[in-house]
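The values are calculated or read from the model by the stated rules, or taken from the named source; none is laboratory data. What you see is a predicted model; the values in this text were computed from it and never measured. Positions of Cβ are backbone-derived with ideal geometry, glycine not excepted, and every protein chain shown enters the neighbour counts.
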Amino acid sequence: MQAKVRLKALLFDMDGVLVDVSRSYRRAIEETVLHFTGRQIVPGTIRRYRYLGGFDDDWKLTRAIITDSGMEVSPGRVIDEFQRRYRGERWDGFIAEEPPLVQTRTLERLQADGRILGIVTGRPEAEVKWTIERFGWKRYFPLIVAREKTEQRGKPDPFPLQHALSVLGIAGRQVETEEAVYIGDTVDDMAAARAAGLWAVGTVPPDADRAEHERHLRDRGAHLILDDLDTLPDLVDSFGERLALAAATNEQEKTA
């Protein structure tokens, strides 16, 4: 493992990483399922689906829960009910209640030394732009790869991350895979990062059990787990050393 790793691009998932969606997306899922099935979701259901992988898309996850409850509802109807709650009529839905998970000054530090910050997410682009404008983050994220740009190849497919690096290359900002990191909170985020050849850094959402969540992220290839996104600048500055330490710790655990 290299002692020194120079990171040129920091790519972020949005939900559960930059923004706390524990009472917005989750609530939209719960209420949409209730609308169609008449039943409350058993606590922990959404997290269990997430850990299975392949459910990075909240619309897909919502429909899967409805289908597994014994009902058939078209994707369009599920999306309409979900968005009525989440986005609202005039951006006054649950999206307006989401708090940030990172301080603006942290983004300022991360952008130092010419690093590129980008968002690679399954959110629709309009919702990404509305959210970063709400928090005053527009200037920190010149690169956005949202749902519309994934060509229906969302995570865990590596395409969205590969596309992000391609966009940077076209813009004259060539970044090799080993010079980029993807920060995400789901098993699909970790799988996509590893498949794309990027460094995979996992985070634990506020509503998750830390030990269980960390185990799932490591099982899907997380190189490092971050406790607090506001500590990311320090991790970036010592990235190679942290990787070496994590690798040594993993070897010790295997031989213990």
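I95 fails exactly one of the following numbered conditions: (1) out of contact with any Lys or Arg (no Cβ under 6 Å at 6 or more places or on another chain); (2) over 16 Å from D57 (Cβ atoms); (3) not charged (D, E, K, R). What is the number of that condition?
(1)
Can you work out which of the residues in segment 96-147 that are assigned to a loop (DSSP other than H, G, I, E, B) and basic (K, R) is farthest from M190 (Cα to Cα)? Spell out how you get there, then give the answer.
Narrowing segment 96-147 to residues assigned to a loop (DSSP other than H, G, I, E, B): 98-99, 101-103, 111, 115, 121-124, 135-137, 141-142, 146.
Checking the rest, the ones that are also basic (K, R) come to 115, 123.
On the way: R115: 21, R123: 17 Å.
Only one residue tops the list, namely R115.
Quick one: what pairs do we get from segment 27-55, first residue in contact (Cβ under 8 Å) with a residue 24 or more places away in the chain and surrounded by 13 or more Cβ atoms within 10 Å (Cβ to Cβ), second assigned to a helix (DSSP H, G or I) and hydroxyl-bearing (S, T, Y), C-beta under 6 Å, 6+ apart or different chains?
Going by the 6 Å Cβ cut-off, the qualifying pairs are A28/Y86; I29/T62; T32/T62; F55/Y49.
Of (1) surrounded by fewer than 22 Cβ atoms within 10 Å (Cβ to Cβ); (2) without any contact (Cβ under 8 Å) to a residue 40 or more places away in the chain, G154 satisfies all except one. Which?
(2)
Give the residues of segment 79-95 that are assigned to a loop (DSSP other than H, G, I, E, B) and of a type in the set (F, W, Y), sorted by residue number. Before the answer, list the steps.
Step one: filter segment 79-95 for residues assigned to a loop (DSSP other than H, G, I, E, B), giving 87-93.
Within segment 79-95, W91 is the sole residue that qualifies.
Among the candidates R173, R242, single out the residue that is among the charged types (D, E, K, R) and buried (at least 16 other Cβ atoms within 10 Å of the Cβ). Can you show your working first?
On the way: R173 fails: buried (at least 16 other Cβ atoms within 10 Å of the Cβ).
After ruling out the rest, the residue left standing is R242.
Tell me which residues, restricted to segment 192-212, are buried (at least 23 other Cβ atoms within 10 Å of the Cβ) and either modelled with pLDDT under 95 or among the aliphatic types (A, V, I, L, M) (or both).
Those that are buried (at least 23 other Cβ atoms within 10 Å of the Cβ) and either modelled with pLDDT under 95 or among the aliphatic types (A, V, I, L, M) (or both): A192, A193, A196, L198, A200, V201.
Need pairs with beta-carbon distance below 9 Å; first residue among the hydroxyl-bearing types (S, T, Y) and modelled with pLDDT of 90 or more and within segment 225-251, second in a helix (DSSP H, G or I) and surrounded by 16 or more Cβ atoms within 10 Å (Cβ to Cβ); sequence gap 6+ or separate chains.
What qualifies is T231/T106.
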